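Presented below is the structure to which this report refers.
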Amino acid sequence: MEVECTIPRDDGSLVSFIGFRVQHDNARGPMKGGIRYHHEVDPDEVNALAQLMTWKTAVVGLPYGGAKGGIGCTPKELSKSELERLTRVFTQKIHDVIGTQRDVPAPDMGTNPQTMAWILDEYSKFHGHSPAVVTGKPLDLGGSLGREAATGRGVVIATEELLADHGKSISGLKFVIQGLGNVGSWVAKLIHERGGKVIAVSDITGAVKNPDGIDIPSLIKHKVATGTLNDFQGGDAMDPKELLVHECDVLIPCALGGVLNKHNAGDVKARYIIEAANHPCDPEADEIFADKGITVLPDIYANAGGVTVSYFEWVQNIQGFMWTEETVNERLQMYMRNAFHHIKAKCQSHDCNLRMGAFTLGVDRVARATVLRGWEA
Ligand SMILES: NC(=O)C1=CN([C@@H]2O[C@H](COP(=O)(O)OP(=O)(O)OC[C@H]3O[C@@H](n4cnc5c(N)ncnc54)[C@H](O)[C@@H]3O)[C@@H](O)[C@H]2O)C=CC1
Ligand SMILES: O=C(O)CCC(=O)C(=O)O
């Protein structure tokens, strides 16, 4: 659905934004997917992201379908109170189509636990207190331990599985990371902790490189203190356009979709690409990578740790019982490892690459649920 959200700005003037919630499939259970605040949000993009959620939840074996939402806005240009008013108006417009057993939103680019808290509060005015209507909430409102780190942690578990399958490990390899938001900062931190060398990082403000490995905790501290990657003393500034084609072992895009395409794919020097962002590689880039022998770990598996811990959060809310962070992380590891082995089995039985193996696994599971329900045409 498409909704117009009009809010007063802090100066009293009125401004309108277009919001979307696309529900793709619910054969396996309630629909699930994040809400993105970004100026490039449009119906085609939200639709494509909703479809990815259907295959993603199926690949990791969650009892969910797929959905996605978004508002075309630039969150950095809105004050906190303007963002709150926008989120509340959006929730008033979509509260009838979301719900604990119907469609459960979560954070994505440009949104965070505070956004989820406003959605929960606004939704609860219509339907009574309903913590399980959104995931990625603050801990004080029923969020799960481990959710904030979960997407990044899942990306790192997925990377370890892939590297182990190729007889390698994170320690000593060189990594390049695009994006240092929720996903990118956890990916960078956990790779650094495991002995990987993060040799280049970018975000919307710029890029930094250090061939000996960037001290990630210091970089994150610098970013929190200054709001930018610029002027970081532990590395040299680099052209952000160069980042994706920088020499490394593993390239991890953690920002926007479509950043690897026919214009730059031929120049990529990484041996592995881990799709932490949603659809960072377009189909033309995929073909080029296959020709160059670059292994791509697809988004519908690589970044599924976020929705997996969202599922754990939903289960905890329904149980009314909070798990320890250790339990959350152990179960996340189990889901990510199992999914990798199921994808590999599909790759072997269908003689295909990891993206095709993951899609085959996801589509098979959704098709089986569809047929069992008697929905087939
Ligand atoms: N947050 C989550 O749980 C999940 C997020 N994802 C995907 O991961 C990606 C990142 O999401 P979050 O980290 O949550 O978003 P975020 O809003 O926390 O961070 C986005 C990061 O990308 C950077 N960025 C934006 N434009 C850029 C550009 N042109 N060049 C370099 N960096 C740029 C921003 O500066 C920021 O550091 C998105 O594709 C999202 O769909 C996927 C699964 C779950
Ligand atoms: O945590 C969730 O429910 C959804 C996360 C999401 O939007 C994604 O995996 O792309």
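The values are calculated or read from the model by the stated rules, or taken from the named source; none is laboratory data. What you see is a predicted model, and the numbers here were worked out from it, not measured in a lab. Note: ideal-geometry Cβ built from the backbone for every residue, glycine included; neighbour counts use all protein chains shown.
I need the full set of residues from region 136-194 which are among the basic types (Lys, Arg), within 23 Å of residue 244 (Cα to Cα) and within 16 Å of ligand 2 (Cβ to nearest atom), in order please.
The one that is among the basic types (Lys, Arg), within 23 Å of residue 244 (Cα to Cα) and within 16 Å of ligand 2 (Cβ to nearest atom): 153.
Might you check whether a residue that is surrounded by 16 or more Cβ atoms within 10 Å (Cβ to Cβ), among the charged types (D, E, K, R) and more than 16 Å from ligand 1 (Cβ to nearest atom) occurs anywhere in region 314-334? Among the residues of region 314-334, at least one is surrounded by 16 or more Cβ atoms within 10 Å (Cβ to Cβ), among the charged types (D, E, K, R) and more than 16 Å from ligand 1 (Cβ to nearest atom), which makes the answer yes. Of 288, 252, 273, 300, all but one fail to be free of Cβ contacts under 8 Å to residues at least 60 places away in the same chain, within 15 Å of ligand 1 (Cβ to nearest atom) and outside any loop (DSSP other than H, G, I, E, B); the exception is 273. Within region 39-62, the set of residues being more than 12 Å from ligand 2 (Cβ to nearest atom), free of Cβ contacts under 8 Å to residues at least 40 places away in the same chain and not polar (S, T, N, Q) comprises 39, 41, 42, 44.
Identify, from the list 170, 177, the residue that is within 18 Å of residue 271 (Cα to Cα), touching a Cys at 6+ places or on another chain (Cβ under 9 Å) and modelled with pLDDT of 95 or more.
Numbers: 170 fails: touching a Cys at 6+ places or on another chain (Cβ under 9 Å).
Just one listed residue meets the conditions, 177.
Selection over region 87-138 of residues that are more than 16 Å from ligand 1 (Cβ to nearest atom) and hydrophobic (A, V, I, L, M, F, W, C) gives a count of 10.
Tell me, please, whether a residue that is of a type in the set (Asp, Glu), surrounded by 17 or more Cβ atoms within 10 Å (Cβ to Cβ) and under 19 Å from residue 299 (Cα atoms) can be found in region 33-56.
Yes, some residue in region 33-56 is of a type in the set (Asp, Glu), surrounded by 17 or more Cβ atoms within 10 Å (Cβ to Cβ) and under 19 Å from residue 299 (Cα atoms).
If the condition is being away from ligand 1 (no atom under 16 Å from the Cβ) and assigned to a loop (DSSP other than H, G, I, E, B), then region 174-215 contributes 194, 195, 196, 210, 211, 212, 213, 215.
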